[in-house]
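Report on one structure; see the data block that follows.
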Amino acid sequence: MASADEAILTAPPNAILGINATPAIRTLFLTVGAAVTIAIMAGIWMWSQSPDYRVLFSNFSDRDGGAIVATLQQLNIPYRYSDGGSAILVPANQVYDARLKLAAQGLPKGGNVGFELMENQKLGISQFLEQVNFQRALEGELARSIQAVSAVQTARVHLAIPKASVFVREQQKPTASVLLNLYPSRTLDPQQVSAIIHLVASSIPELSAKNVTVVDQNGSLLSDPSKQTANNNLDPSQLKYVQEVQQNIVKKVESIISPIVGIQNVRAEASADIDFSRSEQAAESFHPNTPPEASTIRSQQSSESYNKAASASGVPGALSNQAPAPATAPISSAATTSASAASASASGLTQKDATVNYEVDKTVRYTQQAMGGLKRLSVAVVVNYKAELDKAGKTQTRALTELEKNQIIDLAKEAMGFNKERGDTLNVVNTPFATPEKLVAEEVPLWKQADVLQAVKEIGKYIIGALLLLYLFFAYLKPTLNEILGRDARALAEKKILEEAAAKMAEEEQEGSAVEISEEAEAQKEAQKQINAYEINLDMAKQLATSDPKIVANVIKSWVSNE
């Protein structure tokens with residue numbers, strides 16, 4: 001046992017560390033392992049601290065994508081690509097800031113080139129190219145204007161503008177085609193299609209609305225005039241007017257009845273038949289004058305002529321050819337007049353004519369009836385039973401009395417503007433309302449809520465990163481560093497222990513040779529010395545095995561291999 005202990009204490013360092021172990025190689029492997037561990041920890045830390053990226057823009061043209069990326073690089077904003085390059089992602093906390101900065105520079109432009117194309121004209125460009133660029137710019141501006149409609153996602157405009165000619169017979173009218181890409185589940189009503197047509201027609205000189213064609217992404221012709229003329233239904237503005245009239249009547253009826261029965265105890269609905277036709281009427285009527293005495297003379301004319309047969313008389317000559325002097329009626333009495341008339345009638349022919357024109361009654365009526373007149377109105381009212389407290393303090397419901405029901409009917413008629421001659425109807429029903437079942441909103445579990453899931457993901461990312469860092473540090477990095485840094489100290493401690501053990505053994509040998517004693521005492525001392533040395537060596541071996549068992553294992557391994 002003494003020789004074994006001495007061999008342990010006097011074993012060289014290479015034997016203790018192992019025959020195949022080289023300090024330089026071991027240090028190199030330990031250093032590489034520590035570097036790899038540190039690199040892994042740094043990667044985990046960067047992963048846990050990486051920001052959440054959100055969509056900045058998507059479905060943009062290649063030209064706009066290049067301009068956006070160049071601007072983000074100038075602004076030092078990190079970005080990523082998603083969906084095969086069709087979307088650009090930026091950190092979530094910089095999305096709105098980046099959008100505002102890009103909007104200040106006019107990005108994205110939407111893929112349509114407007115009049116900014118004219119700003120980059122090259123020197124010496126031909127007139128044909130100038131005309132082509134102007135037409136492209138005009139098409140782009142029209143497309144941008146059409147895209148401002150809420151239901152339109154993208155638009156393309158094609159203009160066919162003929163070349164001007166000095167010959168009238170060769171002049172042609174321009175035409176236009178519009179291709180619309182609508183948002184999913186969106187449609188355009190006829191008024192919106194007509195607005196787009198007139199927008200394009202008003203932007204091009206001498207372009208009429210009938211020469212503008214509008215097509216959607218499904219290939220449907222939206223500007224078909226036959227469909228517009230065949231559609232006799234109400235347009236959206238008329239339907240809106242009808243709804244407003246009905247809602248106004250319902251509001252009036254419910255507001256006048258609710259103070260009596262309660263807000264939640266009355267329901268009303270109205271149906272209005274409105275005439276949107278426009279009519280004009282002109283009438284002219286004549287009526288006889290009654291009584292005849294009340295007639296008014298407009299004009300009167302009378303004439304009287306007398307012819308008498310007489311023989312020629314007088315002296316021939318100029319005197320007989322002169323005009324007679326103005327006749328004067330002699331003043332005579334009635335008897336003389338009648339006598340002369342009788343004698344005149346007897347001697348000649350008398351003729352009298354009288355014409356009298358009277359005013360005739362005439363009525364001219366011109367009537368113009370405006371569109372939107374109310375033809376018929378129907379209103380239905382449902383009133384709940386009246387709630388009252390009985391003697392026990394419990395709530396009970398009862399039907400309305402005839403007097404109460406008649407009061408409600410009269411109030412409803414006044415509120416709706418009831419007109420019997422127009423054919424209006426009103427129906428009031430008193431019935432108990434069905435008690436609605438209390439709907440209990442299904443509570444979404446906490447672990448299914450979107451906000452909670454997002455927060456858990458963020459927190460879990462930090463926790464997982466921290467746990468991985470701690471595991472790598474304590475499981476790999478710290479032992480490796482201790483191994484690298486503690487090798488020199490351990491080697492010095494082992495060397496010191498071995499030197500102390502060798503010094504003690506030499507000192508004991510010198511003391512035993514210097515003392516001369518008797519053979520018996522010398523034998524006893526030698527035995528005692530061996531015992532003491534054995535105990536000392538045993539204690540040292542125990543201490544060495546306790547402090548660093550790895551050295552003892554290496555020594556034993558070297559013994560086994562040396563056999």
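The values are calculated or read from the model by the stated rules, or taken from the named source; none is laboratory data. Quick caveat: nothing in here was measured; it's all calculated off a predicted structure. Cβ atoms come from the backbone with ideal geometry, glycine included; neighbour counts cover every protein chain shown. Just the protein is used for accessible areas: all its heavy atoms, side chains included, with ligands, DNA and RNA removed. Shrake-Rupley method; radii C 1.70, N 1.55, O 1.52, S 1.80 Å.
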For a 20 Å ceiling on Cα separation, which of these pairs sit above it: Lys496/Lys550; Lys496/Lys529; Lys252/Lys413; Lys210/Lys240?
Lys496/Lys529; Lys210/Lys240
Under the 0.36 nm per residue contour assumption, what length would be gained going from the current alpha-carbon distance of Ser61 and Glu458 to full extension?
139.5 nm
How big is the gap, in Å, between the Cα center of segment 370-433 and the Cα center of segment 50-88?
63 Å
Mind checking which lysines have their Cα closer than 17 Å to the Cα of Lys109? Skip sequence neighbours fewer than 8 apart in that chain.
Lys101
Taking all protein chains together and a probe of 1.4 Å, list Ser277, Ser302 from the most accessible to the least accessible.
Ser302, Ser277
Solvent exposure, largest accessible area first (probe 1.4 Å, DNA, RNA and ligands not counted), of Leu477, Leu75
Leu75, Leu477
Could you check the spin-label model distance between Arg376 and His158? Points 7 Å from the Cα along Cα→Cβ, value in nm.
5.1 nm
Taking 56 Å as R0, compute the FRET efficiency from the Cβ-Cβ separation of Leu389 and Gln73 and round it to 0.05.
0.15
Going from most exposed to least, what order do Glu402, Glu421 have by accessible area with a 1.4 Å probe?
Glu421, Glu402
Once all protein chains are kept in place, Leu56 shows an accessible area at probe 1.4 Å, nearest 10 Å², of 0 Å²
Compute the normalised compactness of segment 68-107: alpha-carbon radius of gyration over 2.2 N^0.38 Å, N being the residue count.
1.10
Within a Cβ distance under 12 Å of Thr425, other residues only, what is the Lys/Arg minus Asp/Glu net charge?
+2
What is the percent of Cα-Cα separations in segment 72-219 that go past 26 Å?
45 percent
Apply 1/(1 + (r/R0)^6) to the Cβ-Cβ distance of Gln396 and Ile263, taking R0 = 22 Å, and write down the FRET efficiency to the nearest 0.05.
0.60
With r defined as the distance between the Cβ atoms of Ser82 and Val32 and R0 fixed at 25 Å, what FRET efficiency is calculated, to the nearest 0.05?
0.10
Note the full-extension length gain between Phe134 and Asn482 as 0.36 nm times their separation in residues minus their Cα-Cα distance, in nm to one decimal.
117.5 nm
For Lys557 the rounded accessible area (nearest 10 Å², probe 1.4 Å, non-protein molecules ignored) is 140 Å²
Could the peptides 546-555, 133-142 be put in order, highest first, of the mean number of other beta-carbon atoms found within 10 Å of their residues?
133-142, 546-555
Calculate, in nm to one decimal, what Glu500 and Met46 gain on full extension: separation in residues at 0.36 nm each, minus their alpha carbon distance.
158.2 nm
Computed accessible area, Lys375, all protein chains, 1.4 angstrom probe, square angstrom:
100 Å²
Which lysines, if any, have their Cα less than 30 Å from the Cα of Lys448, not counting same-chain residues under 8 positions apart?
Lys438, Lys457, Lys461
